[in-house]
Amino acid sequence: RSCYDESKRLSETLCATYHRQFGVPVKVVRPFNVFGPGMRLDDGRVIPNLVKAVLNREPFTVYGDGSDTRSYCYISDAVVQVLSVMLGGSDGEAYNVGDETETNLSDLARLAQDVEQNLIVEYVEGVDERRDAPTRRKPDISKILKIAPRPVYNLREGLKRTLRSYRQ
(Lines give C-alpha, C1' and ligand atoms only; values in the text may rest on other atoms or scores of the structure.)
Protein backbone atom coordinates (compact mmCIF):
# COMPACT_ATOMS: atom_id res chain seq x y z
CA ARG A 1 0.00 0.00 0.00
CA SER A 2 2.77 2.47 0.74
CA CYS A 3 4.06 2.37 -2.85
CA TYR A 4 0.69 3.79 -3.93
CA ASP A 5 0.93 6.63 -1.40
CA GLU A 6 4.56 7.32 -2.26
CA SER A 7 3.86 7.40 -6.01
CA LYS A 8 1.26 10.12 -5.41
CA ARG A 9 3.71 12.12 -3.27
CA LEU A 10 6.41 11.77 -5.92
CA SER A 11 4.03 12.92 -8.67
CA GLU A 12 3.03 16.00 -6.68
CA THR A 13 6.68 16.78 -5.91
CA LEU A 14 7.61 16.55 -9.58
CA CYS A 15 4.72 18.84 -10.52
CA ALA A 16 5.68 21.41 -7.86
CA THR A 17 9.35 21.26 -8.92
CA TYR A 18 8.54 21.77 -12.60
CA HIS A 19 6.26 24.66 -11.68
CA ARG A 20 8.95 26.37 -9.57
CA GLN A 21 11.93 25.72 -11.84
CA PHE A 22 10.40 25.92 -15.31
CA GLY A 23 7.13 27.80 -14.85
CA VAL A 24 4.99 24.86 -15.94
CA PRO A 25 1.38 25.82 -15.10
CA VAL A 26 0.39 22.79 -13.04
CA LYS A 27 -2.46 22.31 -10.64
CA VAL A 28 -2.84 19.17 -8.54
CA VAL A 29 -6.12 17.52 -7.58
CA ARG A 30 -6.35 14.88 -4.88
CA PRO A 31 -9.59 12.92 -5.32
CA PHE A 32 -11.07 11.27 -2.23
CA ASN A 33 -13.32 8.21 -2.75
CA VAL A 34 -15.03 9.40 -5.91
CA PHE A 35 -17.77 7.03 -7.07
CA GLY A 36 -20.56 6.81 -9.57
CA PRO A 37 -21.64 5.34 -12.90
CA GLY A 38 -18.87 3.84 -14.99
CA MET A 39 -16.52 2.91 -12.16
CA ARG A 40 -14.81 -0.47 -12.39
CA LEU A 41 -16.49 -2.90 -10.04
CA ASP A 42 -13.33 -4.96 -9.58
CA ASP A 43 -11.02 -2.25 -8.24
CA GLY A 44 -11.33 -3.31 -4.59
CA ARG A 45 -12.70 -0.06 -3.16
CA VAL A 46 -15.69 -0.16 -0.86
CA ILE A 47 -18.37 1.44 -3.08
CA PRO A 48 -17.57 -0.73 -6.12
CA ASN A 49 -17.60 -3.77 -3.82
CA LEU A 50 -20.99 -2.69 -2.50
CA VAL A 51 -22.45 -2.17 -5.98
CA LYS A 52 -21.07 -5.52 -7.14
CA ALA A 53 -22.64 -7.26 -4.12
CA VAL A 54 -26.03 -5.68 -4.85
CA LEU A 55 -25.94 -6.52 -8.56
CA ASN A 56 -24.77 -10.11 -7.97
CA ARG A 57 -27.10 -10.59 -4.98
CA GLU A 58 -24.13 -11.50 -2.82
CA PRO A 59 -23.36 -10.46 0.75
CA PHE A 60 -21.50 -7.18 1.20
CA THR A 61 -18.46 -7.70 3.41
CA VAL A 62 -17.40 -5.16 6.04
CA TYR A 63 -13.92 -5.88 7.35
CA GLY A 64 -13.39 -5.17 11.03
CA ASP A 65 -16.04 -3.73 13.32
CA GLY A 66 -17.31 -1.16 10.82
CA SER A 67 -16.00 1.86 12.72
CA ASP A 68 -13.50 2.92 10.03
CA THR A 69 -14.68 6.06 8.28
CA ARG A 70 -14.51 7.36 4.74
CA SER A 71 -15.85 10.39 2.92
CA TYR A 72 -17.48 9.69 -0.44
CA CYS A 73 -17.92 12.08 -3.35
CA TYR A 74 -20.35 11.50 -6.19
CA ILE A 75 -18.72 11.80 -9.62
CA SER A 76 -20.63 14.87 -10.83
CA ASP A 77 -19.58 16.83 -7.72
CA ALA A 78 -15.97 15.74 -8.27
CA VAL A 79 -16.10 16.84 -11.93
CA VAL A 80 -17.35 20.30 -10.89
CA GLN A 81 -14.50 20.56 -8.38
CA VAL A 82 -11.85 19.44 -10.89
CA LEU A 83 -13.13 21.90 -13.50
CA SER A 84 -13.12 24.63 -10.85
CA VAL A 85 -9.45 23.89 -10.15
CA MET A 86 -8.61 23.93 -13.85
CA LEU A 87 -10.42 27.23 -14.44
CA GLY A 88 -9.94 29.06 -11.15
CA GLY A 89 -7.22 27.31 -9.17
CA SER A 90 -3.73 28.70 -8.63
CA ASP A 91 -0.76 27.24 -10.47
CA GLY A 92 1.52 25.16 -8.28
CA GLU A 93 -1.23 24.46 -5.75
CA ALA A 94 -2.85 21.18 -4.66
CA TYR A 95 -6.58 20.82 -3.99
CA ASN A 96 -8.47 18.05 -2.20
CA VAL A 97 -11.46 16.94 -4.29
CA GLY A 98 -14.26 15.34 -2.33
CA ASP A 99 -16.97 15.66 0.25
CA GLU A 100 -16.16 16.23 3.91
CA THR A 101 -19.14 14.22 5.19
CA GLU A 102 -17.68 11.29 7.09
CA THR A 103 -19.48 7.92 7.20
CA ASN A 104 -18.37 4.82 9.07
CA LEU A 105 -18.59 1.52 7.25
CA SER A 106 -21.42 0.21 9.46
CA ASP A 107 -23.51 3.27 8.62
CA LEU A 108 -22.67 2.84 4.93
CA ALA A 109 -23.90 -0.76 5.12
CA ARG A 110 -27.14 0.32 6.86
CA LEU A 111 -27.67 3.09 4.32
CA ALA A 112 -27.13 0.61 1.49
CA GLN A 113 -29.63 -1.77 3.09
CA ASP A 114 -32.11 1.08 3.29
CA VAL A 115 -31.61 1.78 -0.42
CA GLU A 116 -31.46 -1.91 -1.36
CA GLN A 117 -33.63 -3.90 1.09
CA ASN A 118 -32.35 -7.33 0.01
CA LEU A 119 -28.70 -6.57 0.72
CA ILE A 120 -27.06 -8.88 3.26
CA VAL A 121 -24.10 -7.50 5.22
CA GLU A 122 -21.36 -9.72 6.66
CA TYR A 123 -18.77 -8.54 9.17
CA VAL A 124 -15.33 -10.18 9.05
CA GLU A 125 -12.97 -9.56 11.97
CA GLY A 126 -9.19 -9.86 12.07
CA VAL A 127 -8.33 -9.69 8.38
CA ASP A 128 -4.57 -9.28 7.90
CA GLU A 129 -4.64 -7.25 4.66
CA ARG A 130 -6.44 -4.45 6.55
CA ARG A 131 -3.64 -3.93 9.07
CA ASP A 132 -2.09 -0.98 7.26
CA ALA A 133 -5.33 0.58 6.00
CA PRO A 134 -6.14 3.97 7.52
CA THR A 135 -9.04 3.98 9.96
CA ARG A 136 -10.15 7.41 8.81
CA ARG A 137 -10.18 9.25 5.47
CA LYS A 138 -11.72 12.69 5.47
CA PRO A 139 -10.48 15.43 3.16
CA ASP A 140 -10.11 19.04 4.22
CA ILE A 141 -11.99 20.72 1.37
CA SER A 142 -11.87 24.26 2.74
CA LYS A 143 -9.39 25.32 0.04
CA ILE A 144 -11.44 24.05 -2.90
CA LEU A 145 -14.63 25.58 -1.48
CA LYS A 146 -13.08 29.00 -2.17
CA ILE A 147 -13.36 28.28 -5.92
CA ALA A 148 -16.04 25.56 -6.18
CA PRO A 149 -19.54 25.00 -4.78
CA ARG A 150 -20.24 22.49 -2.01
CA PRO A 151 -21.03 18.97 -3.20
CA VAL A 152 -24.69 18.60 -4.20
CA TYR A 153 -25.27 14.83 -3.97
CA ASN A 154 -25.23 13.09 -0.61
CA LEU A 155 -24.17 9.47 -0.25
CA ARG A 156 -27.72 8.10 -0.37
CA GLU A 157 -28.59 9.89 -3.61
CA GLY A 158 -25.21 8.99 -5.12
CA LEU A 159 -25.75 5.31 -4.31
CA LYS A 160 -29.25 5.37 -5.82
CA ARG A 161 -28.00 7.00 -9.02
CA THR A 162 -25.03 4.64 -9.25
CA LEU A 163 -27.12 1.50 -8.76
CA ARG A 164 -29.70 2.73 -11.29
CA SER A 165 -26.97 3.28 -13.88
CA TYR A 166 -25.64 -0.28 -13.52
CA ARG A 167 -29.12 -1.74 -13.84
CA GLN A 168 -29.83 0.06 -17.11
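See the values below:
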| item | result |
| --- | --- |
| Solvent-accessible area of residue 8 with every protein chain in place, 1.4 Å probe, in Å² to the nearest 10 | 100 |
| Per-residue [θ]222 nm for the chain (sum of -39500 (n - 2.57) over DSSP H runs n ≥ 4, rounded to 500) | -13500 deg cm²/dmol |
| Residue (of 49, 163, 16) at the positive-pole extreme of the chain, dipole from beta-carbon charges | 16 |
| Label-to-label distance, nm, for residues given as residue 22 and residue 146 (7 Å Cα→Cβ offset) | 2.8 |
| Inter-label distance for residue 167 and residue 4, nm, one decimal - labels placed 7 Å from Cα along Cα-to-Cβ | 2.9 |
| Cross-link reach list, aspartates and glutamates versus residue 143, counting only Cα pairs under 20 Å and skipping chain neighbours closer than eight places | 12, 77, 91, 93, 99, 100, 102 |
| Alpha-carbon centroid distance for the pair segment 45-64 / segment 70-87, whole angstrom | 24 |
| Choice from 50, 105, 14 with maximal GNM fluctuation in the chain (Cα, 10 Å cutoff) | 14 |
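The values are calculated or read from the model by the stated rules, or taken from the named source; none is laboratory data. Please read these numbers as outputs of a predicted model, since none were measured by experiment. As a convention, Cβ positions derive from the backbone with ideal geometry for all residues, glycine included, and neighbour counts pool all protein chains shown. Accessible surface areas use protein heavy atoms only, side chains included; no ligands, DNA or RNA. Shrake-Rupley method; radii C 1.70, N 1.55, O 1.52, S 1.80 Å.
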